[in-house]
1. How large is Rg over Rh for segment 124-166, taking Rg from the Cα atoms and Rh as the Kirkwood inverse mean of 1/r across Cα pairs?
2. For residue 219, what charge total do you get from the other residues with a beta carbon under 14 Å from its beta carbon, if Lys and Arg give +1 and Asp and Glu give -1?
3. Going by average Cβ density within 10 Å per residue, which order do the peptides 134-141, 36-43 take, highest to lowest?
4. Could I have the simple spin-label model distance between residue 125 and residue 233, label points 7 Å from Cα toward Cβ, reported in nm to one decimal?
5. Please report the relative contact order for segment 101-223, taking Cα pairs under 8 Å with a sequence separation of at least 6, and give it as a percent rounded to a whole number.
6. Could you estimate the translational diffusion coefficient of segment 79-156 from the Stokes-Einstein equation, with Rh from the Kirkwood formula over C-alpha pairs, at 20 °C and 1.002 mPa s, in whole µm²/s?
7. To check my understanding: the extent here is largest minus smallest coordinate of the Cα atoms along each principal axis. What are those three numbers for the chain, in Å, largest first?
8. Hand me the tally of lysine pairs in segment 152-272: alpha carbons under 26 angstrom apart, and the pair either on different chains or 8 or more positions apart.
Amino acid sequence: MHHIKRHTSELMLLLVALGLLGLVVSKYYYEHKSRLLLGGDAMMAVESFDAKDSEEIFSMIGVTQKTTYRTTEISARAKETEERSESKPTPILLKSIDMNYPIYGKLKLRNKVRPDPFAIYGADNDRGAAVSESVLVALGINPGDLFLIGNTTFIVTSVIDHEPDLLPQHQEIPRVIISDRSFDSLIKAGTYFEKPITLRKNLIFHPALPIENWKATFAAMNASSGWEVEIWKDHMPASLLNLNTKLLLIISGMVLLLAIIRYEMRKRRADA
């Protein structure tokens with residue numbers, strides 16, 4: 001009976017150590033998941049038909065990386081060819097990205113038919129676009145084919161395999177990603193936008209910056225700007241947010257070491 005109790009004691013210590021490590025892993029998992037959702041430490045968004053970037057707002061201490069992108073819902077249609085008549089317009093989620101995108105996570109593309117998916121190709125200035133598989137199905141086209149947004153021609157240069165900051169409400173919508181220059185060309189061409197454009201910024205801060213203090217300060221200074229701000233901590237379970245991971249790692253290591261010492265001492269006594 002005494003022998004069983006010793007075994008139970010060591011097992012309990014091991015389970016405590018594993019439980020503490022589990023809390024640490026859970027916190028890192030949710031923190032990573034929250035940052036993926038926002039595309040960084042923070043995401044800022046404003047919605048307008050003429051949404052414009054304002055660098056003055058974002059000249060903030062502590063920002064080490066940033067990327068800007070725009071999204072809107074619009075229609076696309078396949079370009080008419082000798083083999084194919086023009087298809088019916090299909091609603092898509094259009095997203096324009098800059099050269100810094102993404103700053104957290106990775107945009108994965110497959111079936112590439114051009115070295116730079118978002119460049120301008122040929123004498124006709126066909127603009128590169130990455131599309132979701134659902135766009136190919138809806139328009140009846142393949143990588144390398146042409147399609148239209150408004151009167152601007154795009155070429156399918158690749159298929160979107162993974163979009164790191166894809167919002168849950170956009171997962172089922174056919175999606176097209178283009179460069180910010182191509183988006184500007186749509187505006188200059190007088191393309192009609194039925195819905196507002198959402199301008200977003202993803203930000204990464206210096207690790208020492210208290211991000212919640214920054215959010216409060218920004219909200220106070222830009223109360224009437226229309227910008228909505230989310231930080232990764234907004235998406236963390238409250239039970240994990242304030243855990244001291246370093247302390248938990250130290251305690252779990254000590255408990256695990258104690259379990260090993262007790263096991264080795266018992267083993268030596270048994271051998272003796």
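The values are calculated or read from the model by the stated rules, or taken from the named source; none is laboratory data. Source: prediction; values computed, not measured. For neighbour counting, all protein chains shown are included, and Cβ atoms are generated from backbone atoms with ideal geometry for every residue, glycine included. The accessibility values were calculated without ligands, DNA or RNA, using every heavy atom of the protein model including side chains. Shrake-Rupley method; radii C 1.70, N 1.55, O 1.52, S 1.80 Å.
1. 0.98
2. On the way: positive: 215; negative: 212, 228, 230, 234.
Overall, the nearby charge balance is -3.
3. Details: 134-141: 18.5, 36-43: 22.2.
Ranking the peptides 134-141, 36-43 by packing returns 36-43, 134-141.
4. Rounded to a tenth, the inter-label distance reads 4.7 nm.
5. Values: 149 pairs, mean separation 34.8, N = 123.
For segment 101-223, the relative contact order is 28 percent.
6. On the way: Rh = 13.7 Å.
The diffusion coefficient I find is 157 µm²/s.
7. Extents along the principal axes, in whole Å: 90, 50, 27.
8. 6
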